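Every number here is computed from the coordinates shown, using simple stated rules; none is lab data. Remember, predicted model here, so these are calculated numbers, not experimental data. Counting neighbours? That spans all protein chains shown, and the Cβs are built from the backbone with ideal geometry, glycine included.
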Amino acid sequence: MIKAILIFNNHGKPRLIRFYEYFAEDLQQQIIRETFHLVSKRDDNVCNFLEGGSLIGGSDYKLIYRHYATLYFVFCVDSSESELGILDLIQVFVETLDKCFENVCELDLIFHMDKVHFILQEVVMGGMVLETNMNEIVGQVELQNRMEKSEGGFSAAPARAVSAVKNMNLPEMPRNINIGDINIKVPSLSPF
Amino acid sequence: MSPSVRLQEMIRVIRGARTQGEERGVIQRECAAIRAQFRQADNGTRSHNLAKLLYVHMLGYPAHFGQMECVRLIASPRYNEKRVGYLGAMMLLDEKQDASLLITNSIKNDLSHSSQYVQSLALCTLGCMGSAEMCRDLAPEIDRLLRASNSYIKKKAALCAVHIVRKVPELGELFTPAARSLLSEKNHGVLHGAVVLITELCERNPDTLEQFRKVVPELVQIMKGLVMSGYSPEHNVAGISDPFLQVRILRLLRILGRNNDTASDAMNDLLAQVATNTDSSKTAGSAVLYETVLTVMDIKSESGLRVLAVNILGRFLLNNDRNIRYISMTSLQKIVQTDHNAVQRHRGTIVDCLKDQDASVKRRALELSLALVSAVNIRSLMKELLLFLSSCPPELRAHTTSGIFNAAERYAPSQRWHIDTILHVLTTAGGDVRDETVPNLIQLITTATELHCYTVHKLYRALITDISVQSLVQVACWCIGEYGDLLLRGECEETEPVQVAEDDVLDALEMVLQSHMSSPATRGFALTATMKLSTRITHNVDRIRSIVSIYGSCIDVELQQRAVEYNALFKKYDHMRAAVLERMPVIDKSSPGHTNGESAGGTMKEMEPTKLTQEVVLPQEPANKVCDLLDLLGGSAEPLQPSPALSTTPLGPVSSTAGGDLLDLLGGLDVTPVPPSVIVYEKNGVTLKLQTDRQTDTGMTVTLTATNSTDGDITSITLQAAVPKSVQLQMKAPSGDVIPAHGLGQVTQTVLLNNPNKVSLKMRVRVCYTSQGSVCQDTVQIDSFPSPAW
């Protein structure tokens with residue numbers, strides 16, 4: 001079972017925290033700090049498995065982490081999960097984020113924290129791995145987002161307007177207008 | 001617009017704060033605004049506010065006032081609001097809060113909603129934070145969803161069912177039929193969920209495990225399909241088709257095949273196929289291979305397959321990738337108890353890993369090295385461990401020292417070596433040793449009578465070099481006090497002679513007494529040592545008298561008391577001083593858990609009437625008793641691994657010998673109030689005695705001793721043991737496998753038991769040996785242990 005999923009940056013600021021077991025709030029923050037402390041000490045060429053976190057649960061739990069650019073993705077798991085499998089899962093999760101956000105970067109995670117949670121909900125549920133097929137996950141997330149947009153109501157009106165304009169079929173603008181011997185070059189306007 | 005816009009503004013403002021204080025101010029303002037808006041009537045911004053609150057919660061600020069808002073949002077008909085509401089429920093609520101009860105009804109309604117996404121939200125929340133009551137209420141709903149819905153909902157329902165079974169184990173029976181039928185699904189997500197559910201059900205309930213053994217062929221088919229299938233773009237990860245599902249199925253096969261011949265046979269071929277066909281150049285392939293190896297080692301596989309598995313592990317161990325090396329050591333740790341010799345072959349590589357830079361790899365290598373210590377390799381391995389100790393990371397030191405002490409205690413080739421090793425550890429890492437080290441070491445030194453001279457010289461030298469390590473200083477002071485005369489005599493066979501004058505010794509002790517580094521306990525040791533020397537030295541007794549009288553007015557109460565009493569010894573009771581301070585007798589190594597003769601006798605007498613009834617019952621219902629024994633075997637956590645030379649015996653003969661041995665057992669028990677050693681097996685001239693020793697509240701050490709009274713040697717004797725499910729068992733390596741004839745020698749094997757739930761302890765021991773050319777195998781059931789009841 002996965003006990004917790006933490007994403008934080010190189011300075012220890014949390015970008016996403018998800019606990020699958022109940023911990024009090026201050027204990028949660030303590031765990032984040034301790035995990036960051038343990039993980040940031042590691043070199044880049046050592047293995048991705050860490051033991052020794054005392055707060056999150058004692059001897060059965062390991063931290064499996066991956067470091068991408070400025071972010072640490074840490075999964076805290078117990079012995080019932082395959083360690084190498086979890087490593088692959090982290091990769092699948094990050095690739096999914098990449099597909100959903102188009103070249104994801106840390107800012108995307110910061111400003112769209114709720115969306116990241118919803119994507120994570122499609123991958124891991126209740127501490128157990130739910131789906132590992134990237135296309136399936138991305139497809140479901142798209143459908144859900146569409147559902148959310150479609151019932152947006154009053155506040156969704158501007159968004160609807162924008163998407164309506166985008167989908168409008170404008171006839172192709174001629175590049176040059178030749179009338180007789182007058183040659184007008186039409187400036188090319190960028191699409192919406 | 002989606003709720004994120006307002007959220008983004010707030011995030012931007014928070015990030016703009018330049019100091020922690022500014023950030024706190026911004027967040028407090030925002031929280032106040034959110035609280036005010038929550039109190040208002042329904043407006044369109046509720047979901048935005050909750051999203052903001054969740055962000056603030058992630059940063060570590062209190063957000064409990066959002067709990068009721070979550071409940072309200074979940075009940076809203078709009079998908080937006082439900083989504084954020086459920087997310088808030090999972091982050092902020094748990095079963096300890098009262099608000100969580102209020103969402104039960106909403107979840108119930110949403111589980112039958114027309115939109116599958118709303119259903120999935122409800123399933124997700126129930127699976128994450130559902131309490132036992134909620135699970136009981138909603139279990140039938142989940143069962144319905146498991147059977148009749150699309151694959152998206154089915155896979156979520158399966159994992160939700162796993163959560164329910166964890167919370168309320170009795171509901172497992174409700175889900176068993178649905179889980180069975182899910183195995184015929186094609187969708188990998190649903191299959192994955194089904195396998196997880198079946199794994200959970202089998203782990204919880206042995207009856208369900210029996211039922212699910214029948215699906216082994218189906219699982220084998222699925223695996224074959226995955227392994228043999230060509231490239232499938234949907235599920236492909238680095239060339240392996242859906243490694244996640246493969247790993248899960250292998251794990252389930254492991255649980256189903258454990259202790260069961262038919263199931264194990266059914267999967268032998270498949271495991272061989274997977275082991276040879278999987279490409280392990282990428283992590284995905286390695287994960288599958290690793291799981292295959294663990295499965296092979298755990299079930300009753302054929303020996304060729306086992307050899308293949310250990311070879312794969314050996315290959316992993318030599319891999320350059322640190323992750324793979326770490327994994328191989330973890331798996332070797334799991335099999336070191338059962339396949340000790342196979343792991344011994346890789347000892348060299350493991351010991352090399354001790355020098356790796358990576359702390360995780362070091363930790364694994366340390367655990368494995370400690371498990372591999374045996375009488376044969378103790379010297380070389382201890383050298384490596386001591387080298388490791390001098391450079392190991394601080395968090396591993398305590399563990400290393402206790403491991404070294406345990407190993408030294410069990411396999412020390414000579415007392416001198418043992419003392420040297422402990423002294424080495426104390427000088428290198430004395431600050432990280434356990435508290436019992438000092439008395440244990442002192443006890444060891446007293447028993448090694450011929451080494452007193454050598455020991456005291458060595459300790460004296462260590463003392464004058466460095467007095468910062470308290471444990472070392474304490475032992476040194478004690479020894480100098482006891483054996484000071486040997487120290488001053490100057491000559492010693494084992495070490496170079498060094499002239500030590502009485503003044504030097506007293507200087508050293510005074511240094512310890514006065515140093516600010518010495519703890520009060522250490523100073524107590526030093527003072528007592530000084531006093532003892534008064535009878536062992538000739539010239540400087542006045543100096544000792546003056547030291548002791550100074551401490552009569554020491555601030556430390558313990559030291560003051562000692563000094564005053566010693567003063568009295570000098571003045572009024574001088575005639576008794578020599579007798580009081582003479583050499584200590586050898587300390588007996590008795591731990592508090594030792595049973596003394598009377599209590600063993602008492603419990604023996606109590607057990608007599610019950611044994612008599614057992615004897616009466618047995619002839620009448622031998623079948624039932626045998627069934628109980630078989631249940632015990634089925635229920636025990638520790639599998640009886642077959643010895644490679646013997647084939648697995650059919651069930652019939654085992655039951656009859658078990659019944660026969662039970663009668664032998666009852667006849668053979670001695671009811672004498674004597675140290676608790678019981679004869680549990682006596683046949684063909686081979687006698688097996690059992691001795692217990694309680695170490696801790698729940699742990700017990702059992703020593704099995706086998707002796708031989710026939711004319712010929714008994715060869716290749718092996719002992720295996722099984723215990724009830726909740727008891728943990730660890731078998732140590734036996735002292736040998738040959739018992740000389742005519743009772744000239746014996747073989748002992750130590751078994752460590754840990755009984756945290758304090759269930760009534762039973763043990764079944766299987767003994768196999770070769771006597772006069774024929775191979776014999778017997779099983780003995782031990783129902784009553786000669787020690788106070790748990």
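What the table below lists for this structure:
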{"read-out": "Built amide H within the under 5 Å cut-off of residue B:678, gap 5+", "value": "B:690, B:691"}
{"read-out": "Given charges at Cβ of Lys, Arg, Asp, Glu: chain B dipole, positive-most of B:62, B:125, B:51", "value": "B:51"}
{"read-out": "Backbone HN-Hα couplings from phi across the stretch A:112-121 [Karplus 6.51/-1.76/1.60, Hz, Gly and Pro as x]", "value": "10, 4, 5, 4, 4, 4, 5, 5, 4, 4"}
{"read-out": "15 Å tail of the calculated P(r), the stretch B:185-289, as % of Cα pairs", "value": "61 percent"}
{"read-out": "Around residue B:771: net Lys/Arg minus Asp/Glu count, Cβ-Cβ under 15 Å", "value": "-4"}
{"read-out": "Rounded, prolate or oblate (a/c below 1.5 giving rounded, otherwise prolate when a/b exceeds b/c) for chain B by Cα gyration tensor", "value": "oblate"}
{"read-out": "Test item: Cα-centred dipole of chain B, Lys/Arg +1 and Asp/Glu -1 on Cβ, debye", "value": "2960 debye"}
{"read-out": "Globularity ratio of the protein assembly as shown, using Cα Rg and 2.2 N^0.38 Å", "value": "1.17"}
{"read-out": "For the stretch B:30-118: rounded, prolate or oblate by the Cα gyration tensor [a/c cutoff 1.5]", "value": "prolate"}
{"read-out": "Whether the stretch A:1-103 is rounded, prolate or oblate, judged on the alpha carbon gyration tensor where a/c under 1.5 counts as rounded", "value": "rounded"}
{"read-out": "Filter on A:41/B:355; A:115/B:282; B:155/B:224; A:3/B:155 - keep pairs with C-alpha separation over 27 Å", "value": "A:115/B:282"}
{"read-out": "Percentage relative contact order, chain B, counting C-alpha pairs under 8 Å, at least six apart", "value": "5 percent"}
{"read-out": "Loop chymotrypsin sites (Phe, Trp or Tyr not before Pro), the stretch B:221-308 (other Cβ atoms within 10 Å of the site Cβ: 13 or fewer; DSSP)", "value": "B:231"}
{"read-out": "GluC sites (Glu not before Pro) lying in DSSP loop within the stretch A:44-103, provided at most 13 other Cβ fall within 10 Å", "value": "A:102"}
{"read-out": "Placed amide H near residue A:2: partners under 5 Å, 5+ positions off or other chain", "value": "A:128"}
{"read-out": "Net +/- balance of residues flanking residue B:377 in space, Cβ distance below 15 Å, scoring K and R +1, D and E -1", "value": "+4"}
{"read-out": "Exposure proxy order (Cβ contacts within 10 Å, fewest to most) of B:445, B:419, B:555", "value": "B:555, B:419, B:445"}
{"read-out": "HN-Hα J in Hz across the stretch B:576-587 - Karplus 6.51, -1.76, 1.60, θ = phi - 60°, x for Gly and Pro", "value": "8, 4, 4, 5, 5, 9, 6, 4, 6, x, 5, 6"}
{"read-out": "Cβ-based exposure ranking for B:417, B:478, in which fewest neighbours within 10 Å come first", "value": "B:417, B:478"}
{"read-out": "Cβ-Cβ FRET estimate between residue B:269 and residue A:145, R0 fixed at 35 Å, reported to 0.05", "value": "0.15"}
{"read-out": "Percent RCO, i.e. relative contact order, over the stretch B:483-558, from Cα pairs under 8 Å lying at least 6 residues apart", "value": "28 percent"}
{"read-out": "Note, ³J(HN,Hα) from phi for the stretch A:94-100, Karplus 6.51, -1.76, 1.60, rounded to Hz, x at Gly and Pro", "value": "5, 5, 5, 4, 4, 5, 6"}
{"read-out": "In Å, descending, principal axis extents of the Cα set of the stretch B:257-367", "value": "45, 29, 18"}
